[in-house]
Amino acid sequence: TVASIFSERKFRREKGLETIKASNHILILGWHYDGETLLDQLLRRLPHTATVVLVNQLTPEKMDSLRVKYPEHEPLFVWGDYSREEVLMRANVRYAHKAIILAGRQEGETAAEVDQRTLITSLTLKSLHPKIKILAELLRPENKPYLERAGAEQILIRGQYDSSILAGALASPGLFQVLDALLNAEEATVWAVEVPSGFQGRPIKDLADYLKEQYQALLIAIYSEGRPLTMEDLLGDEPSAIDDFIRSKFAETGMSYLFGRSKMEFQINPPDTQVLGPHHRVVVIASHPPKF
């Protein structure tokens with residue numbers, strides 16, 4: 001009956017078993033003790049129209065509590081092991097925009113095993129959707145080169161910046177509070193903004209003055225994406241088992257072309273005279289992202 005069909009769909013949606021129909025969405029793969037903080041900070045920075053899909057093995061009760069906590073966004077859920085292709089397909093990975101892989105450690109797992117799952121997941125993501133942007137979290141810094149070769153554009157090592165923040169806080173009283181406020185978006189935070197066409201070909205000072213006057217936004221950096229990288233760009237100079245594994249993974253799907261990622265170039269506190277180009281983005285500190 002129609003009622004039983006709707007009941008089945010409702011059950012599958014609530015249990016995270018339904019196939020996602022969204023496109024251009026963001027995948028959060030995995031979960032750990034800081035997952036809710038990540039979700040909270042991400043949703044603060046996204047427009048209400050953005051769709052976030054959580055792929056993990058949380059309990060239905062935890063899923064429901066997150067739905068209730070964020071009624072304006074109401075994140076979608078897919079239940080299962082995010083390193084498995086069939087689970088990623090239910091999350092509609094081929095139409096996703098970005099993926100975040102969290103280094104969540106299951107009971108009895110070693111750090112090496114967690115990082116290995118992250119590597120496999122990155123390879124699987126790229127084999128299913130070569131142009132997806134991947135941000136991944138690692139537990140061991142020595143695994144970063146392998147994950148770069150697997151196609152992850154941005155890699156964060158757990159606890160990487162803790163010592164730097166502590167040292168800065170000890171050397172300069174008040175610095176910790178400033179950094180904490182920026183990172184947690186308490187009043188102002190950091191935003192990336194595309195350069196308006198009217199400022200392309202002009203010195204960066206023109207845009208910096210405009211942002212300050214119109215939006216009370218402070219320009220602190222500039223970046224641009226260079227040429228796309230091929231698989232061979234990411235492989236090591238010397239043959240290795242990980243390189244062979246990457247090649248075989250992509251050979252299975254016939255992928256020998258571009259990863260869909262680009263080399264990024266950036267500059268903090270750029271000179272006022274630097275000329276802005278069509279591929280530049282600027283980074284600003286402001287309470288809200290400037291909208292042109």
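The values are calculated or read from the model by the stated rules, or taken from the named source; none is laboratory data. Predicted, not measured: the structure shown is a model, and the values here were computed from it. Reconstructed Cβ throughout: ideal geometry from the backbone, glycine too, with neighbour counts over all protein chains shown. Accessible surface areas use protein heavy atoms only, side chains included; no ligands, DNA or RNA. Shrake-Rupley method; radii C 1.70, N 1.55, O 1.52, S 1.80 Å.
Structural remarks
- Taking every alpha-carbon pair within region 139-208, the share separated by more than 13 Å comes to 77 percent.
- Carbon + sulfur, % of accessible area of region 80-182 - ligands and nucleic acids excluded, 1.4 Å: 54
- Highest mean first, the peptides 190-203, 21-34 sorted by other C-beta atoms within 10 Å per residue fall in the order 21-34, 190-203.
- Pairwise Cα distances in region 101-173 exceed 18 Å in 44 percent of cases.
- For region 40-132, the equivalent ellipsoid built from the Cα gyration tensor has semi-axes of 23, 18, 12 Å, listed from largest to smallest.
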